[in-house]
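Chemist: Below you will find the structure I want to go over with you.
None of the figures in this text is laboratory data; all of them are computed from the coordinates on show. Small disclaimer: the values here were computed from a predicted structure and weren't measured. Cβ coordinates were reconstructed from backbone atoms using ideal geometry, including for glycine residues, and neighbour counts include every protein chain displayed.
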Amino acid sequence: MKKIILLILIGVWLGTALLAQGNTTSGGEIVKESEIVYPESMTQQLGNLLKTWQIDLSEAEIECKRGQNVTFHDSVYTNRLYRMPTEMELSFNNVVKSYIEMYANRRREQVSYMLALGDYYFPMFEQALDKYGLPLELKYLPVIESALNPVAVSRAGATGLWQFMLYTGKGYGLEVNSLVDERRDPYKATEAAVRYLKDLYAIYHDWNLVIAAYNCGPGNVNKAIARSGGKRDYWQIYNYLPRETRGYVPAFIAANYIMNHYADHQICPAHSYNTITALDTVYVKDRIHLEQIAGVLDVSISELRRLNPQFRRDVIPGDYKTYALVLPTEKMFTFIDKNSDIINFNRDRYLTHRTSTDEYLGNMVSAASGNSANVYYRVRKGDNLSAIAGKNGISLSQLKSWNGLRSNRIGVGKRLIVGKKTVNLPQPESGEQLAQFISDNSTGETKTVSQYYRVRKGDTLGKIADKNGIRVSQLQAWNRLKSTKIGIGDQLIVGQKVVTVPKETVALNKEEPNRNQPSGGGSAIISAYLKDQMEKPAESKTGEETEGVTVVGAKVAGADADESEIQE
């Protein structure tokens, strides 16, 4: 009897040991189902995604009859992943299995729609990845980042298909302001993301570490490597990474699996043949509201928003710079032919910003641009436009043009521009004038030498001007800035002086170029933005405490409600 009890106890112990072994990572830590963090993109309601996806799949049809999920032995998953033609290592373990089961079971309907969206997005991603020589399987990264939703916004503010944080996006050249957010532009965000991944690979030379750093920032990956004793294998530093990032690589491996083996799990792609149409691009050089385009071209505003998610307030500020507008191909030529009609369509209704508010001020004369000023007249009872124009020696058309009037109706008390007056503007102080190039053949040449400053995080034109003892107006003039906007990494002129160059030096410089002069393309390996981030390893996009430093305000694809990550 004692022997039987002893054998039973040994059997229980061995079974427990084997179960524990099957639920550990290579780092040796037991991983429970409750500890696995799923991508934030996979926790969204399908109904909300159907409203925000760039391609309308709300009335999509299923190509084949759906069945129930089919489960396979672990050896099948292992062999399928190993045999996939990928440059990246796609290994199998129990964490990867949990993500495969999530896609194949609980999120199989969402996978159906993402397969259809892939027809639109994956060729775009592949083209950018191939251009920079990166593995094509990285095209599945937005599946776990955003569920292929171009207007996705994480709890911490990461935005777009590739879930860029604000300063990461700006660091890679994406424009973000009140009207335009290029993190939501599928083309530009993809280009920026591929460049970012390429820069990360130049640091780690291991793709699993690269996508881990994409998720939690290179600083956190570097800490995990250091704490592991210098190991540079993702699975060996697994237990030292932030909690959310531990599931990031397994989720990516599972996304590669399900996007290639969906049919084995009886998942069918959803397709809407009526809404995926040929698209083309036109360039806009005027300020236009999407409602103006919709009204003239007979295109729904929802379709324009889906095709152009980067215009966050439906306004294209084309008078600021030229922007690309995506339209159905059959509407492109109509847009070009009716460009003037679109610009003037209900303009006062959709574009309400006023160019001037001088008329509301008390002075009758106010300085305008250049050396002229407007002269105003306040409308009295009995006045009409023709009489006012005649009194001031101008034509009726001039009066209407100066005041933006579309009809002859005016109200008592309204102030109208009725003339232009020359004014003498104050001359700038001598210190604000730019140094000029001077040539002196007797003693050599004199030229202007500029002193430069590279913009850092937190800098403003005012701060930079104060540091260098100059005026903001000087700073703007030297650098030809039309506004106070500057970006991290910009190189600004902060000082100029005239120096004399001897004739001999001038002649020598003309014969032999300066080999120390930068080529203008920046580092060929890693961007200035990423170099700056590498100098700040304590900053990451995880919301966990690390060695007394708490980093907050973050993003991650797949963070818990109480933990988030920030992408550096």
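Chemist: Quick check on the range 137-287: take the gyration tensor over C-alpha atoms, sort the square-rooted eigenvalues as a ≥ b ≥ c, and tell me if it's rounded (a/c under 1.5), prolate or oblate.
Modeler: oblate
Chemist: How many angstrom separate the Cα center of the range 160-195 from the Cα center of the range 301-344?
Modeler: Going from one Cα centre to the other spans 20 Å.
Chemist: Using 0.36 nm per residue of separation minus the Cα-Cα distance, give me the extension gain between Glu109 and Arg409 in nm, one decimal.
Modeler: 102.1 nm
Chemist: Taking 7 Å along the Cα-to-C-beta vector as the label spot, tell me the Arg347-Lys285 distance in nanometres, rounded to one decimal.
Modeler: 1.6
Chemist: A further question follows. If I stretch the segment between Ile488 and Ala202 completely, what's the gain in nm (0.36 nm per residue apart, minus their alpha carbon distance), one decimal? Walk me through the numbers before you get to the answer.
Modeler: Details: separation 286, 0.36 × 286 = 102.96 nm, distance 2.11 nm.
Contour length minus the Cα-Cα distance gives 100.8 nm.
Chemist: While we're on this one: Quick one: which of Lys338/Lys485; Lys139/Lys331; Lys188/Lys331; Lys170/Lys482 span more than 26 angstrom between C-alpha atoms?
Modeler: From the list (Lys338/Lys485; Lys139/Lys331; Lys188/Lys331; Lys170/Lys482), the Cα-Cα distance tops 26 Å for Lys338/Lys485; Lys139/Lys331.
Chemist: Applying the Karplus parametrisation 6.51 cos²θ - 1.76 cosθ + 1.60 with θ = phi - 60° to the phi angles of the range 133-149, what ³J(HN,Hα) value in whole Hz is obtained for each residue in order, glycine and proline being reported as x?
Modeler: With the stated coefficients, the range 133-149 comes to x, 9, x, 5, 5, 5, 5, 8, 4, x, 4, 8, 6, 9, 6, 6, 9 Hz.
Chemist: Starting at the first residue of the range 386-394, write each ³J(HN,Hα) from the Karplus equation 6.51 cos²θ - 1.76 cosθ + 1.60 with θ = phi - 60°, in whole Hz, x for Gly and Pro.
Modeler: Running phi through 6.51 cos²θ - 1.76 cosθ + 1.60 with θ = phi - 60° gives 5, 5, 5, 4, x, 4, 9, x, 10 Hz.
Chemist: Sticking with this structure for a sec: Using a Förster distance of 30 angstrom, determine the FRET efficiency expected from the C-beta separation of Tyr452 and Lys131, and round it to 0.05.
Modeler: Values: r = 31 Å, r/R0 = 1.05.
E(calc), rounded to 0.05, equals 0.45.
Chemist: Is the C-alpha gyration tensor of the range 31-271 telling us rounded, prolate or oblate? Criteria: a/c under 1.5 is rounded; beyond that, a/b larger than b/c is prolate, otherwise oblate.
Modeler: Working: a/c = 1.61, a/b = 1.07, b/c = 1.51.
In terms of gyration-tensor shape, oblate.
Chemist: Out of residues 5 or more away from Gly495 or on other chains, whose amide H comes under 5 Å of its own, with H placed 1.01 Å from N in the peptide plane?
Modeler: Gln451
Chemist: If a/c stays under 1.5 just call it rounded; otherwise compare a/b with b/c (prolate if a/b is bigger, oblate if not). Do that for the range 279-350, with a ≥ b ≥ c from the square roots of the Cα gyration tensor eigenvalues. Walk me through the numbers before you get to the answer.
Modeler: Values: a/c = 1.20, a/b = 1.10, b/c = 1.09.
Rounded, since a/c falls under 1.5.
Chemist: Here's something else I'd like to know. Return the Rg/Rh value of the range 377-422, two decimal places, where both radii are evaluated on C-alpha atoms and Rh is the Kirkwood radius.
Modeler: 0.92
Chemist: Could you list which residues have their amide H under 5 Å from that of Ile288, counting only those 5 or more apart in sequence or on another chain, with H placed in the peptide plane?
Modeler: Ile316, Gly318
Chemist: Looking only at the range 83-112, which residues have a backbone nitrogen under 15 Å from a spot 7 Å from the Cα of Asp233 in the C-beta direction?
Modeler: Hits in the range 83-112 for Asp233 at 15 Å: 89-93.
Chemist: Which residues' amide hydrogens lie under 5 Å from the amide hydrogen of Leu90, considering only partners 5 or more residues apart or on another chain, with H built in the peptide plane?
Modeler: When sequence neighbours closer than 5 places are left aside, there are no close amide H contacts.
Chemist: Here's something else I'd like to know. Which whole-Hz couplings ³J(HN,Hα) result when phi for each residue of the range 82-89 is put into the Karplus expression 6.51 cos²θ - 1.76 cosθ + 1.60, θ = phi - 60°, listed in order with x for Gly and Pro?
Modeler: 5, 8, 5, x, 10, 6, 7, 6
Chemist: So how strong a dipole does the range 31-271 carry about its Cα centre when Lys and Arg Cβ are +1 and Asp and Glu Cβ are -1, to the nearest 20 debye? Mind showing how you got there, number by number?
Modeler: Working: 25 positive and 27 negative charges, 140 e Å.
Roughly 680 debye, rounded to the nearest 20.
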